[in-house]
Amino acid sequence: MNARVAVLCAALASALPLCALAQGFAGMARDAEGYGLPQRGQRLAFPIDHGAHPDFRIEWWYLTANLEAPDGTPYGIQWTLFRNALAPGNPGTGWSSSQAWMGHAALTDETAHRGAMRIARGGIGQAGVTTAPFAAWIDEWRMQGIAPPGEDPLSALSLTAQGADFGYDLQLAAEGPLVLHGEEGFSVKAESGQASYYYSQPFYRVTGRLDLPDGAVAVTGQAWLDREWSSQPLAEDQNGWDWFSLHFEDGSKLMAFQLRGEGTAFRSGTWIAADGSATPLSDDALALRPLSETQVAGRRIPTRWRLALPAHGVDITITALRGDAWMDTMVPYWEGPVRVNGTHAGTGYLEMTGYE
Amino acid sequence: MRRVALSALLAHWRRHPLQLATLLLGLALATALWSGVQAINAEARASYARAAGVLGQDRLESLVPARGLPHLDQDIFVSLRRAGWQVSPLLEGQWSRAGISVQIVGLDPFTAPRSALPGMILDETRITDFLAPPGLAYGAPETVAALTGVVGLPPLAAAEGMAPGLLFTDIGIAQSLLRAEGRLSRLLILPDQPRSRPELAAIAPGLERRAPIEQADSAQLTGSFHLNLTAFGLLSFAVGLFIVHSAIGLAFEQRRPMFRTLRALGLPLRDLVVVLAGEVVLLALVAGLVGIALGYLIAAALLPDVAATLRGLYGATVSGSLSLRPEWWLGGLGMALAGAAIAAGQSLWRLWRLPLLAPAQPTAWARASTRALARQGIAAGGLALVAVLAAVHGQGIAGGFILLGALLISAALALPGILALMLAGGARLARGALAQWFWADTRQQLPGLSLALMALLLALSANIGVGTMVASFRLTFTDWLDQRLPSELYVTARDQEEARRLRDWLAPRIDALLPIWKVEGTILGGPVEIYGVADHRTYPDNWPLILGEADTWQVLARGQGMIVNEQLWRRADLALGDTVPLPGGAVRALVGVYADYGNPKGQVILGLDDLTALYPDVDRRRYAIRTDPAAVPELKTALTEEFGLPSDSMIDQGRVKEISLMVFERTFLVTGALNVLTMAVAGFAMFTSLLTLSTMRLPQLAPVWALGLTRRRLARLELIRAMLLAGLTLLVAVPVGLILAWVLLAVINVAAFGWKLPMHLFPADWLWLGLLALAAAGLAAAWPAWRLARLAPSDLLKVFADER
């Protein structure tokens, strides 16, 4: 999921040159001097860690949902808030805040992929994250905690975003625990030791409403929230990734990614049982192979994959709902809902970057 | 055959290099003045377009405070964004310190329309510098150069393509520069809005939508100024054409024998005309290119002053550096070609109709007949009628310029007739043979010189007219400044709270504290500033009212009326007693009109209590202080020590006047420069005409010489003749110039600026101008006269031997 760091930086880079565009996706490997670095063995503490960590360079609240209309029509939505510190040290207040925020939202169905982007700076209230009550927002896009007091603030959320041609308003209720990736949330991203803090809430039940040009659609489904923060999560030779979050029909879930570099890809992931117990996957546990590609925005992107995880008896085919789920943000990337067939059936989300 | 013909024709220029130089120089000068003026206009227009396009404001609607308040709260921006309105904040204001002033535009690069941001702001290596204090300010290279070393501004960086005279900074930096923490000027509404958002009134009831800033804003205001310049350019061009016309005409006349020979040798008439036309085109192209180069130099030299003028008069910022734009240099070349065509047209036409074996003798070059004079007189009368009609029925600036054009051309056409009458009168008074010969010979020369004299007349009357206008304006303006600025010191507090403390502190220490509180808004469709005036004798004592009753100031104090400046009064065509709706819905009757020179905006003054009742949020930070002038320095020091008020927050009367006059002086520098150039062109026209005549006049002078008049004496008479004609022309020019001045003051000024000025006469200036005209004529005649004095007697004798 560190993949998204690069998206953040790359997109901000072209939006505002906040990061060096020339560095592209490899920009994430930038020197993190002055910023906080993830420490192995550091325990995450909630609800504090649901909030922002301004001493780290990058962070996000990243939610994807696989939804269905009453007639079975599939939909996918994305809601993402990125935080990027422009300078280490005191974040400052007002307009001089060094915290930059970016939102991405998308709605995908079988006929179209629609996306939108927002950028704001911190310090004036236009975008930010609070923990009590929990809220993450940029402009009118909002992820709001609605859990009763005493429960984990992320266990119930309302979620809303809109663009010029779509909108959604959803309620989410978690039916399982938070899941910590890697070693208790310390997630390694490269052989050379780059890492991030990374946890998820993959057990949301969703109900709500989509706004489409043809009218409103009531939907239900499942959602997955990723929380991750770091300062230098990628190694210098890593330039793109393929990342999967899958809901299987038996209640189990899988997070898997590969970071493509100059040598062999670095693969990792987490097997999540239906009860929420998590098993980190070692680099050699996963087999990933593209099956077919789609021509999108002048590039060839693998939109059908074979994934095998023999240790858990998984051998599946992953197919994009739409091959053109292209986030046409300033540095574009592919992010869209997928269907899963094979030993395990289900739905999920796929994100791919670094395809030129 | 054509080749032979061409080389034969071109040989003429080899034998008469001076004539060639005259022709080229005349056309080049005419083109230079025209294209110079056009270059200035083009540069200014480009600057307006760039200024209007700052951050896409020429395309985007914006949200502004509804009640004409100068600022809106930054929280409103956040509320709107969080309600789904895609808006981007702007803070604009004038930053000034120690006499240096620059427009600051604070923007938020996160939300600003990307396409409208200068590329430099997105430079990734500097964006963090831009955002974080002390920030970074981008400006046009010339703006940055002018501000280098100024204390108090953020570090500066040059960015190409920016409008001059302004700096872009981050909005946070701008807030601290302009002392406007937490405040914004307005919000740009971005083109892409999300699917649904609440009504504006539900989120920010205090805001209203405003249409994109029209480029016309500056363009309209300054249109008259540019028309003025264009008129000047056209005038110079016309004067230049006189030169070209005489040079081409002379060349045609002198080559008549050659034409006859070429025709006799078998050159078809068509070929001859084609070759001659080709020659004219070639000359026009060469002269046109030289003229454009000269025009560039003139424009580059004048542009900084023009820029200063436009800034001073209209608040429009124009780049002080010139770029080579095709619209003016192509236009200049076109004018050169067109001018040469006009100048050569008559000669070519005559050639076309020339009988094959017509006498080859020059026709004493455009010999005039009484009939021609009468025809000119009728044309002059017709144009004079047009001028009168334009004066009576004409409207606006176009009417004014029709009046001006008709007046000047009419006067020019009438000039030869008037001069002929004067010379006839002189001849009647003449005693003695020599004197009679002198008058008669002067009359004989009149047709040959009439074009040059017309040029001189135009230049002289333009000089008198413009000079009178500027001097009248100056006199009125300085008087008015003295009246309008009675207060000894003007202070501006940094915020309302400081203003309150300032007021309490000052009250016991000074004679009177007069608030200068204002709001901005729209009245009768135009932007205005609305001020409040305290009930204090300063105003009735000092403020000159153009219209108003004795009790005007009491009516204001009772909150029962309003007064407006002359500009608004004329623009809205108001009369005393008219009721005028104010922003917010209140209505007040007009009880007076005051002069307000140099202000492009409409202005309204209410009673102070009335103002604060109607607009409780009025900006209350500015005050005028009445006190003993001697106490001012002490007071300034005390204010600095007591309140930490920076020196640029206080300005004394003397300094205000100084700045105002400086703006005024610069305003008319350009006019003065163009005036001098026009005079120079006219002088040159006279010189070429005299030179032309001098070579043809030998047959008329030789008999006089033979009768015993020395060459030296003859030369002296030539000089006197030129000066006499110049002097007589000046006599005609004075009334024409005064009418011109009246048109400028009472018609053009009102249409262009919105104010009318009383006309004052400055006879001393005319005397000076007369001397200048005589000197020009004397100079122009000097060389031909000197040549005559040195002429070999054999040349004069030859006249009798020649067959002619």
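The values are calculated or read from the model by the stated rules, or taken from the named source; none is laboratory data. What you see is a predicted model, and the numbers here were worked out from it, not measured in a lab. Here the Cβ is made from the backbone with ideal geometry for all residues, glycine too, and neighbour counts use every protein chain on show. Accessible surface areas use protein heavy atoms only, side chains included; no ligands, DNA or RNA. Shrake-Rupley method; radii C 1.70, N 1.55, O 1.52, S 1.80 Å.
What to note about this one:
- Helical contribution to [θ] at 222 nm, DSSP H n ≥ 4, -39,500 (n - 2.57), averaged over chain A, rounded to 500: -1000 deg cm²/dmol
- FRET efficiency for B:R571 and A:T93, using Cβ-Cβ distance with R0 set to 41 Å, rounded to 0.05: 0.30
- Choice from A:E68, A:E335, A:E262 showing the highest fluctuation, given a GNM over chain A with Cα pairs closer than 10 Å: A:E262
- Choice from A:R300, A:R267, A:R142 showing the highest fluctuation, given a GNM over chain A with Cα pairs closer than 10 Å: A:R300
- Partner lysines whose Cα lies under 29 Å from the Cα of A:K189, excluding those fewer than 8 positions away in the same chain, are identified as A:K253.
- Label point 7 Å beyond Cα of B:A374 along Cβ direction - residues of the stretch B:416-452 with amide nitrogen under 16 Å: B:417-418, B:421
- The Cα atoms of the stretch A:86-193 give a gyration tensor whose axes a ≥ b ≥ c have a/c under 1.5, which makes the shape rounded.
- Considering only chain B, percent of DSSP beta bridges that pair antiparallel, nearest 5: 75
- Our summary gives chain B a relative contact order of 17 percent, counting only alpha carbon pairs under 8 angstrom and 6 or more residues apart.
- Here r is the Cβ-Cβ distance between B:A264 and B:A792 and R0 is 41 Å; the resulting FRET efficiency, rounded to 0.05, is 0.80.
- Rounded to whole numbers, the Karplus 3J(HN,Hα) couplings from phi for the stretch B:401-411 are 6, 4, 4, 4, x, 4, 4, 5, 5, 4, 4 Hz, using 6.51 cos²θ - 1.76 cosθ + 1.60 with θ = phi - 60°, and x at Gly and Pro.
- Angle of helix B:763-789 to the longest C-alpha principal axis of chain B, folded into 0 to 90 degrees and rounded to 10: 30°.
- The charge dipole of the stretch A:110-245, taken about the Cα centre with unit charges on the Cβ atoms of Lys, Arg (+1) and Asp, Glu (-1), comes to about 400 debye, rounded to the nearest 20.
- Within 10 Å of each Cβ in A:87-94, the average number of Cβ atoms from other chains: 2
- For the protein assembly as shown, the Cα-based Rg and Dmax, in that order, read 41.2, 136 Å.
- Near-label residues of the stretch B:78-92 by backbone N, under 17 Å of a point 7 Å along Cα→Cβ of A:T130: B:78-83
- Top of A:G263, A:G276, A:G76 by mean-square fluctuation, Gaussian network on chain A, Cα under 10 Å: A:G263
- Ranking B:L772, B:S450, A:A45 by Cα position along the charge dipole of the protein assembly as shown, where only Lys, Arg, Asp and Glu carry charges on their C-beta atoms, puts B:S450 farthest toward the positive end.
- Counting, for every residue in A:118-126, the Cβ atoms of other protein chains within 10 Å of its Cβ and taking the mean gives 6.
- Solvent-accessible area per residue in the stretch A:3-353 equals 34 Å², computed with a 1.4 angstrom probe and all protein chains kept.
- For the pair B:A398 and B:Q700 in one chain, pulling the backbone fully straight at 0.36 nm per residue adds 103.9 nm over the alpha carbon distance.
- Sequence-distant residues sharing a close amide H with A:G123 (under 5 Å, placed H): none
- Each residue of the stretch B:346-351 was assigned a 3J(HN,Hα) from its phi angle through the Karplus curve 6.51 cos²θ - 1.76 cosθ + 1.60 (θ = phi - 60°); the sequence is 4, 5, 5, 4, 4, 4 Hz, with glycine and proline shown as x.
- B:I342-B:A201 pseudo-label distance in nm [points 7 Å out on the Cα-to-Cβ vector]: 6.0
- In the protein assembly as shown, a dipole from Cβ-located charges (positive for Lys and Arg, negative for Asp and Glu) runs towards its positive end, and of B:N463, B:V743, B:Y597 it is B:N463 whose Cα lies farthest in that direction.
- P(r) tail for chain B: Cα pairs beyond 45 Å make up 40% of the total.
- Each stretch of four or more DSSP H residues adds -39500 (n - 2.57); spread over every residue of chain B, this sum gives -20500 deg cm²/dmol at 222 nm.
- Listed peptides B:726-738, A:196-208 by packing density, highest first (mean Cβ within 10 Å): A:196-208, B:726-738
- Sequentially through the stretch A:272-285, phi angles give Karplus couplings (6.51, -1.76, 1.60; θ = phi - 60°) of 10, 6, 4, 8, x, 6, 10, 10, x, 9, 7, 4, 8, 6 Hz, Gly and Pro residues having no value and appearing as x.
- Entry note, chain A: relative contact order of 16 percent, from Cα contacts under 8 Å with a spacing of 6+ residues.
- Low-density loop cleavage sites - GluC sites (Glu not before Pro) in the stretch B:141-211, where at most 16 other Cβ are within 10 Å (DSSP): B:E160, B:E181, B:E199
- Rounded tilt (10° steps) of B:2-15 against the dominant C-alpha axis of chain B: 80
- Overall form of the stretch A:3-353 per C-alpha gyration tensor (a/c, 1.5; a/b vs b/c): rounded
- Model label points for A:D165 and B:L18, set 7 angstrom from Cα along the Cα-to-Cβ axis, are 8.0 nm apart.
- Computed about the Cα centre, the dipole magnitude for the protein assembly as shown is approximately 8040 debye when only Lys and Arg (+1) and Asp and Glu (-1) carry charge, each at its Cβ.
- Using the Cβ-Cβ distance between A:L37 and A:E356 with R0 = 35 Å, the FRET efficiency computed as 1/(1 + (r/R0)^6) comes to roughly 0.70.
- Given charges at beta-carbon only (K, R positive; D, E negative), |dipole| of the stretch A:3-353 in Debye: 420
- Positive-end extreme of charge dipole, the protein assembly as shown - chosen from B:V150, B:S487, B:G36 (charges on Cβ): B:G36
- Helix B:370-393 vs. chain B, principal-axis angle (Cα, 0 to 90°, nearest 10): 10
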